[in-house]
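Reviewing the structure listed below.
We did not get these values from a lab; they are worked out from the coordinates using the rules stated. This structure is a prediction, so every number in the text was calculated from the model and none was measured. Note that we place each Cβ from the backbone using ideal geometry, even for glycine, and neighbour counts take in every protein chain shown.
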Amino acid sequence: MKPLDADLQRMTDRRLFLAAGLATCCGCATPLFRGQTPDADLSEEEKKLELVGDYARPWNLNWVKLESVALVTGLDNTGSDPAPSQQRDMLKAEMQSHEVKDADEILASPKTSLVLLRAYLPPGVQKGDPLDVEVSVPGRSETTSLRGGWLMLSRMRQMEVMGGAVRMGNVDGWAQGDVLVDALFAGKSDRVLETRGRVLGGGRCGLSREVGLALGKSDASIRMTTLIGKAVNQRFFTIDAGVKKGVANPERDNYLGLAVSPRYKHNLARYLRVVRNIALRENPIQRTSRLQLLEKKLLEPTSCWLAAIQLEAIGPEGIPSLKQGLKSADPEVRFYSAEALAYLDQPESAAPLAEAAKNESAFRWHALAALSTLTHVAALDALSDLLHVPSVETRYGAFRSLRTRNPDDPTTKGEVLGGRFRYHVIASAAEPLVHIARTRVPEIVLFGHEQKLVNLKLLSAGKRIMIHPQENGELRAGRYEPGQETVYETFTPEVDKLIRTIVKLGGGYSEAIACLQEARQKGCLTGRLAVEAMPRPNRKYYRDDDPLPEAPEEPAESSGSSSSPDQAPLVERHAATPAPELFRDGLASQPPADSRPAEKRADEPADYDPKKPGFLDRLNPFGGK
């Protein structure tokens, strides 16, 4: 009987094993059979998730430098005859191509000067887009000032030395317009500032620069570019002649062209980061699990910025989780949630972004750019409220965001005075302010429409226009031209009337700026005078548990903050998301830097250094300045 008992025992063990297996397959297993917790399942899913950025990297993000030799005319006998050089020969050849006769005679006039031009084409720029152009005289030039000059039409190209010869590319841009010397914006005069300046928005791009996604050799295949293109196009599209078209276009086995979604026009770096965080393969069940995990990460300050980007990459399905972030008590969580919601065009983002722009300088740049993309009237209300805050940079930043959001908005539309510069008068309850732009477009903005002039004194607006105080409290302006009858205008002592009178007498942006700078120096302005008071990138941000309070409000006060000897070392933090291009100065000595330097930035000239001579400077036989 023992063999029979042994057989019966083996059959019983086999049935128990099969029963346990069936129970496991049917979902009735205990944690002992599962072998891991649900949270561990989510972590494993996250590790297996494939993103666009795992295979593709942004391409064509360098800045393209354009240069040219050009002629400035209309100088008040402050020009010079350029010395014999390759620069002079290049300018004469350019003049002859425009059928200009007597080139040597024109160059010898003290009313003209040879100048060097430099401009940069940022990634994603489109044909016809305006550019700021830097203007400077060559080293050892005898020109003493470019003030009041006009840059003649000049064609700009890429230039390099190859094989011992000068190689010039195609015409990639043009430039002309009023030269605004740096001395105007500095409010002081010296030779360097008088012989260096800008033509604001006077350049025009001659080509469109496509950005794209490039795959490495090991990942390159038609199958992979098709898969990436499909994933990106499910998330983003553009409208062409009323037809929706995907933004990604697979062109080769290792490259996809990438159109920029209109909502990210002024934040290319963020757009590329969102694209790289799009999932390649994800079924609905996996998507639901990942949304739950990302919501948990969003509510944690140390991981909220990346979670917000990834929820934004998911699209509308990520909105409910991002709205949960708005309820957090942590300011970082609220800000990153609101920023992502703005690019998803959700009106709930307006109030938190306005709060961040008003109270936290580290987030101000990003918050104002995000508000400019929001189409809902809530963004209009939020930006309009920011026109009345004490911070100078916040007020002008809000103004520029409003102009970007809707150029025809009656509040910020303004007017063009004398065909020379834009002029805006904004009703503001804050301290009176006069703002002068130094980038993109010649522009004066008055915050406070009834700004008075006090302590009336003799003022000048250039060399031709003088303003005299009268006994009755009014001002009398006169334009003095040799051999011509003087023209006079009388007006009440208001800043608005002063600017309009200068234009009426033939003055332009340069004359208006010079007069305002002089009025400030003589104590005639009741409010502040600011030049390019833009929100700065890379502001320090301190969390509540750090030893020092948040960074000060204004840029002049926010640099150099440090902890006292009795306090713990200060932990500095910056906005972790890419810096937007809305407030970028394309000719700045320090272009805005991403707070994550490990990734290639989309808005930084790789070789830009204003002190480093351009190619045409190196042609100067006498060396640099």
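Report the far tail of the P(r) of segment 64-208, meaning the percent of Cα-Cα pairs longer than 22 Å.
Across segment 64-208, Cα pairs with separations above 22 Å total 38 percent.
What is the local net charge at Asn60, summed over the other residues whose Cβ is closer than 10 Å to its Cβ (Lys, Arg +1; Asp, Glu -1)?
0
Between Arg57 and Thr490, how high is the FRET efficiency from 1/(1 + (r/R0)^6) when r is the Cβ-Cβ distance and R₀ = 41 Å? Nearest 0.05.
That pair, Arg57 with Thr490, gives E of 0.05.
Can you give the Rg to Rh ratio for segment 399-438, taking only C-alpha atoms and Rh from Kirkwood?
Reported Rg/Rh, Kirkwood definition of Rh: 0.96.
Taking N as the number of residues in segment 433-531, what is its alpha-carbon radius of gyration divided by 2.2 N^0.38 Å?
1.03
Work out how much length Arg287 to Ala329 would gain on full extension: take 0.36 nm times their residue separation and subtract the Cα-Cα distance, in nm to one decimal.
Result: 12.4 nm gained on full extension.
Grab the beta carbon distance between Leu458 and Ala108, set R0 = 30 Å, and tell me the FRET efficiency rounded to 0.05.
Approximately 0.25, to the nearest 0.05.
Return the long-range amide H neighbours of Phe421 (sequence gap of 5 or more, or a different chain), with a cut-off of under 5 Å between placed amide H atoms.
The list, which skips near neighbours in sequence, is empty: none.
Could you compute the net charge surrounding Glu450? Neighbours are other residues with a C-beta less than 10 Å from the C-beta of Glu450; K and R count +1, D and E count -1.
-1
Work out how much length Gln126 to Lys217 would gain on full extension: take 0.36 nm times their residue separation and subtract the Cα-Cα distance, in nm to one decimal.
Extra length available between Gln126 and Lys217 comes to 29.8 nm.
Nothing charged except the Cβ atoms of Lys and Arg (+1) and of Asp and Glu (-1): what's the magnitude of the dipole of segment 190-301 about its Cα centre? Round to the nearest 20 debye.
Around 140 debye, computed over segment 190-301.
Quick check for me: using +1 on Lys/Arg Cβ and -1 on Asp/Glu Cβ, what's the dipole size of segment 284-389 about its Cα centre, in debye to the nearest 20?
My answer is approximately 280 debye.
When only alpha-carbon atoms are used, what values of Rg and Dmax, in angstrom, describe segment 72-148?
Rg and Dmax of segment 72-148, Cα atoms, are 14.3, 42 Å.
For segment 452-464, just list the computed ³J(HN,Hα) in residue order, Karplus coefficients 6.51, -1.76 and 1.60, θ = phi - 60°, integers in Hz, with x standing in for Gly and Pro.
8, 9, 10, 6, 4, 9, 5, 10, 10, 10, x, 8, 10
Quote the charge dipole size of segment 433-531 about the Cα centre in Debye, to the nearest 20; the model charges only the Cβ of Lys and Arg (+1) and of Asp and Glu (-1).
I would put it at about 340 debye.
Along the positive direction of the dipole of segment 364-460 (beta-carbon charges: Lys, Arg +1; Asp, Glu -1; about the Cα centre), which of Ala382, Leu371, Ile444 reaches farthest?
After comparing all options, I get Ile444.
Looking at segment 284-389 from every direction and averaging, what is the projected area of its Cα convex hull in nm²?
Mean projected area for segment 284-389: 6.1 nm², to one decimal.
Could you give the Stokes-Einstein D for segment 210-276 in µm² per second, using the C-alpha Kirkwood radius, 25 °C, 0.890 mPa s?
After rounding, the answer is 201 µm²/s.
Would you pull out the residues with amide H under 5 Å of Leu529's amide H, same chain only if 5 or more places away, H placed 1.01 Å from N?
For Leu529, whose amide H was placed from the backbone, the distant partners under 5 Å are Val434.
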